[in-house]
Structures are given as C-alpha cells and as structure tokens.
Amino acid sequence: MRDSAVNRYHFPDWVTLPPGDSLTVYVGKGTDTWTEFFWNRKAPAFENANGGERSMGDGAYLFDPQGDLRAYMTYPCRINCTDPYQGAVEVTAKPRGREVVTVRNVATFAVDLDGYLLHSPPYGYAFPRESVLQPGEEMTIETRGDPLEDSALEKHWGLPKAILNNGGDKVRVTSFRGVVLDCYAYGTGSC
C-alpha cells in the first residue's frame, strides 16, 4: 500500500483477508494484530484536504505482490462527485444541553455508514463498523461519552467537551471523498 507521495507500507507475509472482512492500517505506532496494522510512521502519511478548492488532498493505493493496482481511494472528489447514499439520510443536531446529532435513514433501502464521516468543522467522527440504518431508523451520536458504550443505534463521539456552537453551526454527513450526503445548519450556521 502507498500514498500519493509513494510512501510505502508492506503488509506482513502472513496477512490474509477473507471475503467480507476488513482490516485497518494505522499510520502511527502500535503492535500488529490479525485485523489492525501499524505503519509506525512518526509523521502523517496522508495530506488533509482543508485548503479550499485549491487543496490537493491525497490517495491510498493497494497493490498486489506483482505490482498490479487492486484498489484505491483518492480525496477530495472534484469532478462528477456523487454517492449512492446522497439523499438517503437526514441529519439534525441538538446543540443545547446534552449535545446529540441524529442521522435518519429516509430511503427505502438499508444505509451502511461505515466509510462515512459526521463532520462539524473542525471536528470529524468516522462511523464505525456496524453502523447500518434500516429504512426509517435513526442513529444518535452524542458528542461526549465513551465509544465503548456504543450500541447499534446509539454512538458516542468521545470528545471531552461540547463542540456545537449554540448560536449557530452546521453538521453534515460526508463520504471520505468529501461528497455531502446531507447537511443541517442552525442559527448563524450555513451549509
């Protein structure tokens, strides 16, 4: 695997990925397990795409042992940006008191939010595995609380303090490529 700057990570020879399973590669330090691997870099490998329209972003590329490209993901999307879940979810927020963001499936099919972000600048929450919403279901995400206490429809961002501005802010659900599925603004905030 490599990034756009050709920084490479080599998986150990013993790694296998059965059909339907996934694994995670962390850029920082740690000890490899069967499903989590650590690049052990001291600095970030992937560039943030937060500089507006002129920001570059980055990409991750997976190659097989023969050097053939097997999968990739680049971000942010700039041309013909779509996502199959656009319009399938509705996001709202309650900024006062116990801060909660609610994501509701308004589609007629199940929506799997694994691989998507809840974003309230500058904070981001990556939906974990098993974040599937059936038609009509709602998921609540508390900005505080312990993610170890998560259930299927109740998640915790795990932040130490309130983050939603009571006077106005926005929250949105996006793909990792930056495609907005839905955005909710209140007060002085705008989408």
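All conditions in (1) surrounded by fewer than 16 Cβ atoms within 10 Å (Cβ to Cβ); (2) at pLDDT below 95 hold for residue 83, with the sole exception of (1). Is one or more of the residues making up region 137-153 touching a Lys or Arg at 6+ places or on another chain (Cβ under 8 Å), part of a loop (DSSP other than H, G, I, E, B) and free of Cβ contacts under 8 Å to residues at least 24 places away in the same chain? Taking every residue of region 137-153 in turn, none turns out to be touching a Lys or Arg at 6+ places or on another chain (Cβ under 8 Å), part of a loop (DSSP other than H, G, I, E, B) and free of Cβ contacts under 8 Å to residues at least 24 places away in the same chain. If only residues of region 107-134 that are surrounded by 14 or more Cβ atoms within 10 Å (Cβ to Cβ) and aliphatic (A, V, I, L, M) are counted, the one that is nearest to residue 166 (Cα to Cα) is 118.
Within the bounds of region 135-149, is there any residue that is in contact with a Pro (Cβ under 8 Å, 6 or more places away or on another chain), within 19 Å of residue 176 (Cα to Cα), surrounded by 12 or more Cβ atoms within 10 Å (Cβ to Cβ) and modelled with pLDDT under 95? So that I can check it myself, show each step before the final result.
Initially, region 135-149 is screened for residues in contact with a Pro (Cβ under 8 Å, 6 or more places away or on another chain), giving 144, 147.
This time we only want the ones that are within 19 Å of residue 176 (Cα to Cα), so: none.
The answer is no, given that none of the residues of region 135-149 is in contact with a Pro (Cβ under 8 Å, 6 or more places away or on another chain), within 19 Å of residue 176 (Cα to Cα), surrounded by 12 or more Cβ atoms within 10 Å (Cβ to Cβ) and modelled with pLDDT under 95.
Somewhere in region 52-66, is a residue touching a residue at least 24 places away in the same chain (Cβ under 8 Å) and polar (S, T, N, Q)? There is no residue in region 52-66 that is touching a residue at least 24 places away in the same chain (Cβ under 8 Å) and polar (S, T, N, Q).
Whether any residue in region 158-167 is surrounded by 14 or more Cβ atoms within 10 Å (Cβ to Cβ) and within 29 Å of residue 108 (Cα to Cα) is what I want to check. Step through it out loud before you land on a result.
Let us first name the residues in region 158-167 that are surrounded by 14 or more Cβ atoms within 10 Å (Cβ to Cβ), namely 158-159, 162-165.
After this cut, where a residue has to be within 29 Å of residue 108 (Cα to Cα) as well, the list is none.
Looking through region 158-167, none of the residues is surrounded by 14 or more Cβ atoms within 10 Å (Cβ to Cβ) and within 29 Å of residue 108 (Cα to Cα).
Considered as a group, the residues in region 168-186 that are within 23 Å of residue 110 (Cβ to Cβ) and of a type in the set (D, E, K, R) include one that is surrounded by the most Cβ atoms within 10 Å (Cβ to Cβ), and that residue is 182.
The values are calculated or read from the model by the stated rules, or taken from the named source; none is laboratory data. Model, not experiment: these values are computed from the prediction. We place every Cβ from the backbone using ideal geometry, glycine too, and count neighbours over all the protein chains shown.
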